[in-house]
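The values are calculated or read from the model by the stated rules, or taken from the named source; none is laboratory data. For clarity, every value in this text was computed on a predicted model and none was experimentally measured. Quick reminder, even Gly has a Cβ in these numbers, built from the backbone with ideal geometry, and neighbours come from all protein chains shown.
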Amino acid sequence: MTSWELSPEAQAAVDELHRVGTRPGAVRLAAELGGPAAIPSLLELAAGPDPAIRAAALDAAGQLLAAVPPARLRRLDTEVRRRWPRTGRAGPGAVGGWVRIGPPAGTGPLSAERAGTAPGAAAPPMLLAAALAAMHPDGRVREEAVRQLDAVGGGEALSYLLVRTGDRVPQVRRAARAAVTRRLEPRYIPALALNLALVERLAAGQRAGTVLAWTARLLEHPEHRHHVVRVLAAGDLATRRAAARMLAAMPWDDPAGVLEAALGQDDAVAAATVVDTALDQLEGDELRRLLQRLLGQPVAGLRQRALRTLVARFPDEAPETLRQALLDHQAAVRTVAQRLLRARGEDVAGRYRAALGGRPDPAVALLGLGETGTAGDAELARRWLADPDPAVRRAAVRAVARLDPGARVGELRAALADPDPDVSRAARSGLRRRVAQAGPDRLWALCTSTRHGHVRRHCLALLARLGRWQRLRFALLAAMEPQPDLAEAGRQLLRCWLASWDPAAPGPTPAEVAELRRLLPLARASLGAGLTGVLVAALRPFTSEPEAPVEQVPPTSRS
C-alpha cells in the first residue's frame, strides 16, 4: 500500500532540495526515498529557475507517477492537488511557471518548453507531463490536460482519463468521459482490463457516469472475458481482486483456465473468491479434481474450504482425508478436521496418541494432542521435552503448557532456558499467567546465570508481569547487571514503570520499602542522574525517613 507521508529520511532529502546549489542527483535521491509522496515537492522544484533542476524534477515526478498502480491514482490525485505548491508569479492556470495552459481555448499541445523543460534539455514523456497537469487544482488546467491526454495517449492515457471522469468541474468531467468513450472499442480492451480496480472504485463514487457502467459491461462480454482472466493471473493486487469479483459474478466458458489463473497467483483473497464460485458450480469428477488440488494448496483457507466441501458433497469419501488433515501443519486446518471428525463420533485425541507412537516426526501430533487432549496427556507430551529437534521440543512445550500447566511449572521453567529461542518463547507463553507459581527469584536467578540473550529477555518479560512494586525491584536489579542488554532492558522497564505511575495506587509493604531503600543508592550509577531524580521524586512519599518528633521543653518560670 502506498504511503502518502514522507519518512524522516525522505523529508530530510526533500529539505535538502531547497538549499542553494541543489544538483539533479539530489532530486533523484528525494524521489527514490519519498516515492509518490514526494511528487508535490518535485513539482515545486519544476517551477524553479534552474533548467537542469526543472528537467530532473519533472522527469522524477513522471517516473513516480508511472509506477503508481491504477487503483491508487484516485487517492494520489487527491493528495497531489491538496499539496500542490501554490507559489510563483504566474497568472491564472499556472503553477510557478511549470505548466502554462490557458482556458479551454488554449494553444497547442504541451511542448517541452511549456512543460517547464529548457530548450534542448531532455523533456519528460509527453503523456506523463499531461497526466501531472491533469492533477492541477485549477479546473481549466485539468480540462486542457485531459485534451492533451486524449491527443497524445492511446490506451496508456486511459488510467488518467478515468480518474477525471469523476472530476468536480463539469467541463473536465465531460471532456474525460468523451475521451474514455472513444476508447470503448476492442483494441483498448487489454488496457481497460488493467484498470478494472480503478473502474470499480470510481463507479462507487457520487459522480459516477454511465461511461463506467459501459466499461464494466464491455469487459463482461464473453468475447472479452479472457482479458479479465489474464489480469487475474498477472495484474497488481487490487486489479487481481477486482477481476476475481467480476469473474465470480459471471458464467465461465473455461473453468479450467479461470481456476488456473486464480490458483497460480499469490493472493489468497482473489483465489478464495474464485474458488468459492467454482465449489458452487462444479459437480462430480470435476469437483473431486478441484478438491484434490485445493488440499495441496499452500493457503490454509483453501484447504479448509476443501475439507468442508468434501464433507458436504461427498460425505462417504471424507473420513480418510479428514484423518490426514489432522496432521496438517496449519492449526486452522487441523481445527476444521478435528471438528468434522468429532461430529462423526471419532476419538480425535486418540488418533493423535496413536500417531505419536508411529511417526518419525512427532511435532504436529504433539500440537494436535495439545489441542484435543486432557490433563493426563501432559505426561505423554513431556517425553519429548528433551528431543534433539527444536521443533519437537517446542511442540512438546506448547502441548504441556496447554494440557496441564499448573502441575508442570518446573518443566516449563526448565524449558525457558532452552538454547533455541522458539522453544524458550513457547515456555514463556506457557508461564505468562503463572509467574508467581514459577518463583520470581528463581526466574531472576536464571536470568542472571544464562549465557543466552533470548533467555534473559524472556525471563525479564515474565518478571515484568508481576505486581507494581515487585516489578520495580527487578527493574532496578536488571539495570545494575553487567550484561549491556539486560541493563538496558531494566532501564526500559523502569521507564515504563514511571510512565504508568499512579500516586493513588496502593503503596509498598514495609518489606518492599526496605528493599527499595537498599537498592536505590546502589542503582544511582547505573540509572544516571536524570532517571534517578525522577524515580526518587516518585518514591519520596514511601522511602523518606520519618522526621523525629521535636521535644517540647516547657518554659522555665521566672525566679
Unique residue being crowded, with 21+ Cβ neighbours inside 10 Å, over 14 Å from residue 250 (Cβ atoms) and outside the structural domain of residue 77 (by TED's automatic domain parsing) when the list is 184, 212 | 212
Applying the selection to the stretch 129-156, what residues are under 35 Å from the mean Cα position of the chain (by Cα) and surrounded by fewer than 24 Cβ atoms within 10 Å (Cβ to Cβ)?
-> 136, 137, 155, 156
Mind telling me which of the residues 85, 49, 70 ends up being modelled with pLDDT under 80 and under 25 Å from residue 157 (Cβ atoms)?
-> 85
Is it the case that residue 290 is part of a helix (DSSP H, G or I), out of contact with any His (no Cβ under 8 Å at 6 or more places or on another chain) and modelled with pLDDT of 95 or more?
-> no
Would you please name the residue that is farthest from the chain's Cα centre (by Cα), looking only at residues in the stretch 256-304 that are of a type in the set (Lys, Arg) and closer than 21 Å to residue 229 by Cβ?
-> 289
Can you find even one residue in the stretch 306-322 that is without any contact (Cβ under 8 Å) to a residue 24 or more places away in the chain, under 22 Å from residue 373 (Cβ atoms) and out of contact with any strand residue (DSSP E or B) (no Cβ under 8 Å at 6 or more places or on another chain)?
-> yes
Which number in (1) in a loop (DSSP other than H, G, I, E, B); (2) over 30 Å from residue 399 (Cβ atoms) marks the one condition that residue 513 misses?
-> (1)
Please note which helices (runs of 4 or more DSSP H) are completely contained in the stretch 105-187 and include at least 3 residues that are under 25 Å from residue 78 (Cβ atoms) and at pLDDT 90 or above.
-> 139-152, 158-164, 170-181
Determine, yes or no, whether residue 266 is modelled with pLDDT under 90 and either within 23 Å of residue 250 (Cα to Cα) or of a type in the set (S, T, N, Q) (or both).
-> yes
Kindly check whether there is at least one residue in the stretch 380-394 that is surrounded by fewer than 18 Cβ atoms within 10 Å (Cβ to Cβ) and under 23 Å from residue 303 (Cβ atoms).
-> yes
